[in-house]
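Asks: Would you mind keeping the following structure in view while I ask a few things?
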Amino acid sequence: MTIISAKEFNSNQEKYFTMAVNEDVCIEKDNNMYHLMYKTFDIQYPKQIILEPDDNLRRGITTEELLEKIHGDIRNKFASRI
């Protein structure tokens, strides 16, 4: 087992991650010990979900429409201050 400080771990992370594959590595920080563990696992990605159009989508606006409305609001604000 190798015990290292958090500062040492931060400066040589790759070294200690590689080391954890074959041996126990513990990181000591603020009087606590953290065990660096190596474990392989298979990640199962969720299937792609395609949503059907709904009322929220029908109410949506395009980016161009949004920018047009924002520019109009900005023009109105400046016009009211003059």
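The values are calculated or read from the model by the stated rules, or taken from the named source; none is laboratory data. Keep in mind it's a predicted model, so treat the numbers as computed, not measured. All Cβ positions, glycine included, derive from the backbone under ideal geometry; neighbour counts span all protein chains shown.
Asks: Could you pull out every one of the helices (runs of 4 or more DSSP H) wholly within the chain that has 2 or more residues that are surrounded by 10 or more Cβ atoms within 10 Å (Cβ to Cβ)?
Replies: Passing ranges, in order: 6-11, 13-20, 63-81.
Asks: A further question on this structure: Can you run down the residue pairs with Cβ atoms below 6 Å, 6 or more apart or on separate chains, where the first is in region 48-76 and on the phi > 0 side of the Ramachandran plot and the partner is among the polar types (S, T, N, Q) and modelled with pLDDT under 90?
Replies: Nothing qualifies.
Asks: Kindly indicate whether any position in region 41-57 is closer than 30 Å to residue 1 by Cβ and of a type outside the set (Phe, Trp, Tyr).
Replies: There is at least one residue in region 41-57 that is closer than 30 Å to residue 1 by Cβ and of a type outside the set (Phe, Trp, Tyr).
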